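Accompanying notes for the structure given below.
The values are calculated or read from the model by the stated rules, or taken from the named source; none is laboratory data. In this text the structure is predicted, and so the values were computed from the model without any measurement. Neighbour counts run over all protein chains shown; Cβ positions are idealised from the backbone, glycine included. Just the protein is used for accessible areas: all its heavy atoms, side chains included, with ligands, DNA and RNA removed. Shrake-Rupley method; radii C 1.70, N 1.55, O 1.52, S 1.80 Å.
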Amino acid sequence: MNQQRKAVALISGGLDSMLAAKTVMEQGIHVEGINFYTGFCVEGHTHAIRDKDKAKPKRNNALWVAEQLGIKLHIVDVIEEYKKVLINPKHGYGAHLNPCLDCKIFMVNRAKQWLVENNFDFIITGEVIGQRPMSQRKNTMPIIAKQSGADDLLLRPLCAKNLPETLAEREGWVDREKLHDITGRSRKPQMAMAGQFGIDDYSQPAGGCCFLVDKFYTAKLVDLWQAQGTKDYELDDVMLLKVGRHIRPAANFKLIVARDEGEGRFLQGYTNDYISLLSVSHNGPLVLLDGEASAEDLYLAARITARFGQGREAGQVAVAITDKAGLERIVTVTPLPKAEIPKSWYI
């Protein structure tokens, strides 16, 4: 009796990784998924926090894909390890702070480690030649395989026919003729394949699933690094950069202003770690102050807080300022006029 072979599939939550896993499963291979949590994933954070996103499914797409495929998913926390990839990428950044090639090498390498530890046979990814400008090009495919240490243990089912045979194909574990030759950025081949598999619900790509390709998010990350004088971060930093308006009136402090009640509830969880401001005479957003602020800075922060509440046109607004220990004091301020908040303050 032939031994059933086992593959571990990198599951991002998108359609490509779903189809890649499904293609190999159809050939009788036992497949389990692996998902690496860097902290910079888009899904499951802002969608769950913001009130305006209530219509969107509040789901982790990687878990959802694994459920649809009927496979086990291993979620691996790589937040600390990933810092080296982001802060000093060997192959550099893309358009923003996205170290896509180094990121893929890192994740395939970690999948290779997992494969060895768990006695699996090969690795599956949903990569397609020509789909991503930095990491998914024909000349980068061998770089990923070699520098990750996976070599020919790495199978890309969606574009395998355009690449040299891998171990799984040479050994006959999978039939190369039943793999695919997709190239380019068009999603039509994948959508057609999804229809053939009876898959009609899947995550729609919109510039990737990572905040590091978002110019607005990465501007906030650069600002954080400049403010603290070092390229480092904690998970709380990563999360807070995803939420609210970020306004820096001075080098020594910035404000994080909730944009709706959902963000306000989320920021409430950080009030023991930051000075917080809230209008008490008029409805308005919760505001966190990050940094060291003088009495003059606090007064300016209160005026900005008043500006973003319903008292923006009022002559006077009462704002509660609460320190990290929970001590509160009320100041009465004139809301800062919109014209006095320069665009350069918005990060």
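Any chance you could count how many residues in region 145-158 are open to solvent by less than 10 Å² (accessible area, probe 1.4 Å) and either at pLDDT below 95 or over 14 Å from PHE106 (Cα atoms) (or both)?
Final tally of qualifying residues: 3.
Residue by residue through region 122-139, note down the ones that are part of a loop (DSSP other than H, G, I, E, B) and touching an Asp or Glu at 6+ places or on another chain (Cβ under 9 Å).
THR125, GLY126, GLU127, VAL128, GLN131, SER135, GLN136
Would you check which residues across region 240-292 are in a strand (DSSP E or B) and either of a type in the set (D, E, K, R) or over 17 Å from ILE304 (Cα atoms) (or both) and list them?
Listed by number, the residues that qualify are ARG245, ARG248, LYS254, ASP290.
Do you know which of the residues in region 159-205 that are in a loop (DSSP other than H, G, I, E, B), open to solvent by less than 30 Å² (accessible area, probe 1.4 Å) and of a type outside the set (A, V, I, L, M, F, W, C) is modelled with the highest pLDDT?
That would be THR166.
Residues to consider are LEU288, LEU300; find the one that is at pLDDT 95 or above, aliphatic (A, V, I, L, M) and open to solvent by 20 Å² or more (accessible area, probe 1.4 Å).
One residue alone meets the criteria, LEU300.
Give the residue, chosen from GLY14, GLY92, GLY44, that is under 19 Å from GLN190 (Cβ atoms), modelled with pLDDT under 95 and surrounded by fewer than 22 Cβ atoms within 10 Å (Cβ to Cβ).
Among GLY14, GLY92, GLY44, only GLY14 is under 19 Å from GLN190 (Cβ atoms), modelled with pLDDT under 95 and surrounded by fewer than 22 Cβ atoms within 10 Å (Cβ to Cβ).
Of these, ASP260, ASP223, ASP214, which one is under 24 Å from CYS103 (Cβ atoms), open to solvent by less than 60 Å² (accessible area, probe 1.4 Å) and out of contact with any strand residue (DSSP E or B) (no Cβ under 9 Å at 6 or more places or on another chain)? I'd like the intermediate steps shown before the answer.
Working: ASP260 fails: under 24 Å from CYS103 (Cβ atoms); ASP223 fails: out of contact with any strand residue (DSSP E or B) (no Cβ under 9 Å at 6 or more places or on another chain).
Result of the check over ASP260, ASP223, ASP214: ASP214.
Scanning for something of a type in the set (Val, Ile, Thr) and either over 25 Å from ILE129 (Cβ atoms) or not in a helix (DSSP H, G or I) (or both), does region 95-106 turn up at least one residue?
no
From the set of residues in region 313-326 that are out of contact with any strand residue (DSSP E or B) (no Cβ under 9 Å at 6 or more places or on another chain) and closer than 15 Å to LEU277 by Cα, which is least open to solvent (accessible area, probe 1.4 Å)?
Taking region 313-326 and keeping what is out of contact with any strand residue (DSSP E or B) (no Cβ under 9 Å at 6 or more places or on another chain), we get 313-315, 325-326.
Then drop every residue that is not closer than 15 Å to LEU277 by Cα, which leaves 325-326.
Details: ALA325: 88, GLY326: 50 Å².
That would be GLY326.
Given (1) over 24 Å from PHE211 (Cα atoms); (2) open to solvent by 20 Å² or more (accessible area, probe 1.4 Å); (3) touching a residue at least 24 places away in the same chain (Cβ under 8 Å); (4) not aliphatic (A, V, I, L, M), identify the lone condition not met by SER279.
All conditions pass for SER279, except number (2).
Among (1) open to solvent by less than 20 Å² (accessible area, probe 1.4 Å); (2) part of a helix (DSSP H, G or I); (3) not basic (Lys, Arg), which single condition is TYR233 missing?
(2)
Which of the numbered conditions does LEU101 fail, given that it passes all the others? Conditions: (1) surrounded by 15 or more Cβ atoms within 10 Å (Cβ to Cβ); (2) under 21 Å from VAL24 (Cβ atoms); (3) aliphatic (A, V, I, L, M).
Going through the list (1) surrounded by 15 or more Cβ atoms within 10 Å (Cβ to Cβ); (2) under 21 Å from VAL24 (Cβ atoms); (3) aliphatic (A, V, I, L, M), LEU101 breaks only (2).
Taking region 272-297 on its own, how many of its residues are closer than 16 Å to GLY326 by Cβ and touching a strand residue (DSSP E or B) at 6+ places or on another chain (Cβ under 7 Å)?
9
All but one of (1) modelled with pLDDT of 95 or more; (2) over 22 Å from the mean Cα position of the chain (by Cα) hold for THR125; state the number of the condition that does not hold.
(2)
Check region 112-121 and report whether any residue there is at negative phi, assigned to a loop (DSSP other than H, G, I, E, B) and touching a residue at least 60 places away in the same chain (Cβ under 8 Å).
yes
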